[in-house]
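First up is the structure itself, then whatever we jot down about it.
Just so it is clear, none of the values below were taken in a lab; they were calculated from the coordinates. As the structure is a computational prediction, the values presented were derived from the model and not from experiment.
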Amino acid sequence: MSKRNLAGFTLTAISLLLLYPGLTFPMFRLEIGAEFPIVGKVSLYEQTQSILQTVETLYDNDNAIVAFLILFFSVMVPFIKALILMIALFAKQLKRRVQLFNFVHTIGKWSMADVFVVGVFIAYLSTKSNTAISAELHNGFYYFTGYCLLSLTALQVMKLETSTNE
């Protein structure tokens, strides 16, 4: 295995280590409140959820299609992509390696993990324009963002080997 592919393997492994807390730790806290003359600020709604909790909440509230899409593209595809990359790195035949890398590139384009992170961040920033709504990013967001960046970097670092090592 070349140095580049060893680096790609290491980055993929680290990205998977970041994915678990990224999925299970809270992403952000959303609070909606109102300001009343005598009482002051009153919290009307507050929620802190992880990605997996969001999937569960969506499913429980009869949004099964949206729940499945988030589960599939933000949870299942990252694991499938990492597994296929690992298989590709250790495949003996160059043709098989090329097919697996190409497949990972194809599903990587449809992976919603990075889009999800950007969406959460935009939602967070948009709440800053309204004093009745406050949002706060939590550790899950940073772990998930780290996963996205490292997994993309790993794919860029890896290269197909014919027979020579670097």
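For this structure, a couple of remarks:
- For Phe28, nonlocal amide neighbours, meaning residues 5 or more places apart or on other chains whose placed amide H falls under 5 Å from its own, are Gln49, His138.
- Cα gyration tensor shape of the range 1-67, rounded if a/c is under 1.5, else prolate or oblate by comparing a/b with b/c: oblate
- Applied to the range 149-158, the Karplus parametrisation 6.51 cos²θ - 1.76 cosθ + 1.60 on θ = phi - 60° returns per-residue 3J(HN,Hα) values of 5, 5, 5, 5, 5, 4, 5, 6, 6, 5 Hz, with x for Gly and Pro.
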